Ligand SMILES: *Cc1c(COP(=O)(O)O)cnc(C)c1O
């Protein structure tokens, strides 16, 4: 019994899955706490408790909007990035109706945009998918083609949550506006990690959330540029400028703002620090034979690295890593339950037999050089071990058309 406890205590625990979610910053928790226990008013109430809550929301809205270079009235708080994405796409579709609405998305959207688009298509709305190249960059020529045929809303993920590739938003937004289409971007993964300016980037609608930036889960926001009209998904008391009825999640919103406030200071230095750690990690991992990088080698987030190891199963790799205390991911945390290969990796043109051998390491605040050294000590051993027992290793039928050694 004691030895078991000792083993648990002694085992190194290393979290490298920050793209799935992040730990709440203690400062954020501290800022939120009084809004659970003392300042619990309903922001719609007339009394002092209500006013307190209302003021806290107003202040938070200002702080979050500032990091996007938006006006506070252009931001509505939601229950998640999933909800914000649903609101952007469905809100636009419902407002325009089936005659006018026509939506284009990329082939590497997060499930909550992809499945919303699929659902809208099933309801009779027009939906187009724009392909990406082998690095995950949107094919702008294909977007132009679609825009010429008339599209009312384009939704493109800013930085992809699985591979980290960053899209040229400014250019995409410009193309959209030249063709009178609205431009929505899902920035849940990039917000607070790299600078975003909604005005300069020609963005009309943008999705963000708190739990990817050391804020609480269950709170997100949708930026809706002044003049852009969408229908609400939730009808009720008319909260959030009539676009999202529900008693506001005051502690969550306050926590979101606190997380944003911290990001304003930490974002730049943290990006530099993580980029350095990641570059070292990537360089070393790619020394393992038959190992490749998924995503763009340069135009990517400072903290996400996605690798592909031929002849092994990502799931087995994850389990063995977990045994060594390393918490990573095969890609998107959201679809790993279904066991289906990632639609993002498929969209890059990776061969089906190689789709299962991927590993996403996403770094964050608590990771150090010592963590990277630990990972670099463990991964080659595990890969070697898995390959030595791999039944597919012997049948070398792959061509390496997509195999970039960068
Ligand atoms: C995490 C994530 C989401 C979903 O966010 P929730 O707030 O958990 O709903 C959506 N899009 C991207 C790109 C994400 O990384």
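What follows is calculated from the coordinates using simple rules that are stated; it is not laboratory data. Because the structure is a prediction, the values reported are computed rather than measured. Note that each Cβ is placed from the backbone with ideal geometry, even for glycine, and that neighbours are counted across all protein chains shown.
Here are some notes:
- Here 246, 106 are placed in order of increasing Cβ neighbour count within 10 Å, fewest first, which gives 246, 106.
- Kirkwood Rh (inverse of mean 1/r, distinct Cα pairs), the range 26-263, angstrom: 18.0 Å
- Where both bridge residues fall in the chain, DSSP classifies roughly 50% of the beta bridges as antiparallel.
- Ranked for footprinting exposure by Cβ neighbours inside 10 Å, fewest first, 224, 127, 344 give 127, 224, 344.
- Note that the range 53-108 shows a convex hull volume over its alpha carbon atoms of 124 Å³ per residue.
- Cα centroid separation - the range 287-309 against the range 210-284, whole Å: 26 Å
- Its relative contact order, with pairs defined as Cα atoms under 8 Å and 6+ residues apart, puts the range 37-192 at 17 percent.
- Degrees separating the helix 48-68 axis from the principal Cα axis of the chain, which is the longest one: 60 degrees
- Shape category assigned to the range 18-79 from the gyration tensor of Cα positions, a/c cut at 1.5: oblate
- Order of 212, 54, 13 under a 10 Å beta carbon neighbour criterion, fewest first: 13, 54, 212
- Degrees separating the helix 250-285 axis from the principal Cα axis of the chain, which is the longest one: 30 degrees
- When Rg and the Kirkwood Rh are both derived from Cα coordinates, the Rg/Rh ratio for the chain amounts to 0.99.
- Mean separation of Cα contacts under 8 Å, 6 or more apart, over the residue count of the range 37-89: relative contact order %: 18 percent
- Relative contact order %, the chain, counting alpha carbon pairs below 8 Å whose residues are six or more apart: 22 percent
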